[in-house]
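In what follows, a single structure is set out as structure tokens and then discussed.
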Amino acid sequence: MEAGNAKRNKELQIRHVYKSFRVDAENLEVLRDVNLEIGEGEFVSIVGFSGCGKSTLLRLIMGLDPVTEGQISIGENEVKKPSREVGMVFQEARLFPWSSIAKNVEFGISDKSLSKQEKKEMTRKYLELVKLNGFEDAFPAQLSGGMQQRAGIARALIGNPDILLLDEPFGALDAFTRINMQNEILDIWRKENKTMLLITHDIDEAIFLSDRIVIMSERPGTIQEVIRVESARPRDRGSEEFLKIRKHILKCFLGSSDIDLEYYI
Amino acid sequence: MNKAKNKYLSFFQIIIAPVFVLLLWLAVTEAGVVNTNILPSPVKVVKTFGALIESGKLWKNLSTSFFRVLKGFALGAVSGIFIGTAMGLSGSMNKILSSLVGILRPIPMIAWIPMLILWLGIGEKSKVAVIFIGTFWPVLLNTITGILSVDGKLLEVATVLEKSRLEVLGKVVMPSATPSIITGVRLGFGTAWTCVVAAEMIAASSGIGYMITYARELSQPDVVLAGVFTIGIVGLLIDAGLLRLQKKLLRWNYLRDERK
Ligand SMILES: Nc1ncnc2c1ncn2[C@@H]1O[C@H](COP(=O)(O)OP(=O)(O)OP(=O)(O)O)[C@@H](O)[C@H]1O
Ligand SMILES: [Mg+2]
């Protein structure tokens, strides 16, 4: 399904990006010379050790924090501040505790020309998409962690960004809901032709979803390797190629000790 | 079954201390341990209380005080919320005003009264002004705290969605500050009630504070006590009402407790 409208170029370019934080008068280098280009409509995942700077990278792309060195641009425009073209699902759900779930999701709508009725209808649609229909009037505190996370995903999707950044969005979900959500995301990605950049700790998830998988090294985070996944979707999680890539990624993380590796697979 | 038992137990726990004090009071006055011209027996106080209600005296003084409180409280709460919001939102506003707040706030209420009487006369205005000041501080401080304690992570959600400043204020900052603001308002009402009585005791010709001072001049300790307890009971009722309102308005803020 190619939605090849002659839109503005939305390629995401990350060029020689460095990021350090000052912690107690010392420089903490978090990202070192990160280079990555993500084409329009591409699905890319990032995997890497905890604390290697994945969330930091997403915040830079979002324009929430400035880069220390280097440049990030979308199409022709350098990213300097957040824009509605880029959506974000944070690592935590970050819902407003004082608003109902429906109101929380509706907050993600940025199109001001919509009528109240249209907004309501859209909210209903996206709540259904993340299987939260029936919880419109509940408060976040009345939902489980996974349900809250799904509401956060709906809030990001409803704004219809061209580029969606997802920071471990399925981390809090059980295995079944997780697979369900992966299928939903894939569906949305195909239908709406969005660029998606996903951070995950789940290697299977990365292989199942992505065109390319970016492996980051430990802090200071650099791009260690980029793996292309060629096979057609929907992918069979038990296929030979799947397992081969899985083994390869694990090898990157665990070093070259093949002996241990068999054990994990 | 167990729940009903708990309910009785908690009721018992709530009333045990006041009942004990009352019984002790009754005992010492009935046994003649204290001079009843100084401490009348509770029976006498209740009788006086009944007489004050019957004659309409209590109600008249109480309502006079109550409306004074309402006026000063409304002014104090509104300005406290406004100025507090401005100080919470703008760092420079905070800097400009905080030294002034630092100097004025520790001045006890009573110290203002002579000055206010000089400026505004002995009538309504000076009393409303006293109550205004009494309400203003707790509302101001709690509003500032509420605004400053808004979760940066939630603000980021609004930033990412490029919401306007007005929308951020209305949909993120204010809702998140509301519990703290309402706490300030509750405290403010409490001080307002205290202030009106203090102001009336110093200079007034009506009101519950006046009633108490006047009774003291006539050496009527039963009337003094009836007045004092009225203040306590009304204060308690108002706070209970405000607490209920708070729980109703801010149900989301109590959900975590409900889940436990
Ligand atoms: N605002 C900040 N100030 C100082 N240090 C920071 C800041 N934000 C992140 N860091 C540091 O940067 C490093 C990377 O953090 P980041 O959140 O990007 O990791 P991550 O790869 O997302 O980890 P995880 O997988 O556990 O979420 C950490 O060591 C963290 O302590
Ligand atoms: Mg992270």
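The residues of the stretch A:142-186 that are under 16 Å from A:PHE43 (Cβ atoms), in a loop (DSSP other than H, G, I, E, B) and away from ligand 1 (no atom under 16 Å from the Cβ), listed by number, are A:PRO161, A:ASP162.
For the stretch A:187-216, which positions are among the acidic types (Asp, Glu), closer than 22 Å to A:ALA151 by Cβ and not in a helix (DSSP H, G or I)?
Selection gives A:ASP202 alone.
Of all residues in the stretch B:71-100, those that are open to solvent by 60 Å² or more (accessible area, probe 1.4 Å) have Cβ atoms under 6 Å from Cβ atoms of residues that are among the β-branched types (Val, Ile, Thr), 6 or more apart or on another chain, in B:LYS71/B:VAL128. Taking the stretch B:141-260 as the region of interest, the helices (runs of 4 or more DSSP H) fully inside it that hold 1 or more residues being out of contact with any Cys (no Cβ under 8 Å at 6 or more places or on another chain) and within 12 Å of chain A (Cβ to nearest Cβ) are B:152-160, B:165-168, B:174-202, B:221-249, B:251-259. Does the stretch A:130-140 hold any residues that are open to solvent by 30 Å² or more (accessible area, probe 1.4 Å) and either in a helix (DSSP H, G or I) or modelled with pLDDT under 90 (or both), and which are they? The one that is open to solvent by 30 Å² or more (accessible area, probe 1.4 Å) and either in a helix (DSSP H, G or I) or modelled with pLDDT under 90 (or both): A:LYS131.
Of everything in the stretch A:187-206 that is out of contact with any strand residue (DSSP E or B) (no Cβ under 7 Å at 6 or more places or on another chain) and more than 16 Å from ligand 1 (Cβ to nearest atom), the residue that is farthest from the other protein chains (Cβ to nearest Cβ) is A:ASP204.
Restricting to the stretch A:111-120, what's the tally of residues that are open to solvent by 90 Å² or more (accessible area, probe 1.4 Å) and either part of a helix (DSSP H, G or I) or in contact with a Leu (Cβ under 7 Å, 6 or more places away or on another chain) (or both)? Of the residues in the stretch A:111-120, 4 are open to solvent by 90 Å² or more (accessible area, probe 1.4 Å) and either part of a helix (DSSP H, G or I) or in contact with a Leu (Cβ under 7 Å, 6 or more places away or on another chain) (or both). Taken over the stretch B:115-128, the criterion of being in contact (Cβ under 8 Å) with a residue 24 or more places away in the chain and open to solvent by 40 Å² or more (accessible area, probe 1.4 Å) is satisfied by B:ILE117, B:ILE122, B:GLU124. If you check B:TRP112, B:TRP59, B:TRP119 for being assigned to a helix (DSSP H, G or I) and at pLDDT below 90, only one passes: B:TRP112. Evaluated against (1) part of a loop (DSSP other than H, G, I, E, B); (2) on the phi < 0 side of the Ramachandran plot; (3) open to solvent by less than 50 Å² (accessible area, probe 1.4 Å), A:ARG94 falls short on exactly one condition, (2). In summary, A:TYR126 fulfils each of the numbered conditions (1) among the aromatic types (Phe, Trp, Tyr); (2) assigned to a helix (DSSP H, G or I); (3) within 16 Å of ligand 1 (Cβ to nearest atom) with the single exception of condition (3).
Listed residues A:ASP211, A:ASP236, A:ASP260; which is modelled with pLDDT of 90 or more and open to solvent by 70 Å² or more (accessible area, probe 1.4 Å)?
Details: A:ASP211 fails: open to solvent by 70 Å² or more (accessible area, probe 1.4 Å); A:ASP260 fails: modelled with pLDDT of 90 or more.
Just one listed residue meets the conditions, A:ASP236.
When the stretch A:55-94 is filtered for residues that are within 14 Å of chain B (Cβ to nearest Cβ), charged (D, E, K, R) and either more than 13 Å from ligand 1 (Cβ to nearest atom) or touching a His at 6+ places or on another chain (Cβ under 8 Å) (or both), the ones remaining, listed by number, are A:LYS80, A:LYS81, A:ARG84, A:GLU85, A:ARG94. Within the stretch A:98-110, the set of residues being touching a Leu at 6+ places or on another chain (Cβ under 8 Å), within 18 Å of A:ALA141 (Cα to Cα) and within 9 Å of chain B (Cβ to nearest Cβ) comprises A:TRP98, A:PHE107.
If you scan the stretch A:35-54, which residues turn out to be within 8 Å of ligand 1 (Cβ to nearest atom) and farther than 14 Å from A:VAL89 by Cα? If you could, list the steps in order and put the result at the bottom.
Within the stretch A:35-54, the subset within 8 Å of ligand 1 (Cβ to nearest atom) is A:48-54.
Of everything in the stretch A:35-54, those that are within 8 Å of ligand 1 (Cβ to nearest atom) and farther than 14 Å from A:VAL89 by Cα turn out to be A:GLY48, A:PHE49, A:SER50, A:GLY51, A:CYS52, A:GLY53.
Every listed requirement among (1) away from ligand 2 (no atom under 16 Å from the Cβ); (2) of a type in the set (Asp, Glu); (3) in contact (Cβ under 8 Å) with a residue 40 or more places away in the chain; (4) over 23 Å from B:GLU156 (Cβ atoms) is met by A:GLU230 save one, (3).
The values are calculated or read from the model by the stated rules, or taken from the named source; none is laboratory data. Being a predicted model, the structure only gives us computed values, none of them experimental. Glycine gets a Cβ as well: all are built from the backbone with ideal geometry, and neighbour counts include every protein chain shown. To get the accessible areas, we keep the full protein, side chains included, count just its heavy atoms, and leave off ligands, DNA and RNA. Shrake-Rupley method; radii C 1.70, N 1.55, O 1.52, S 1.80 Å.
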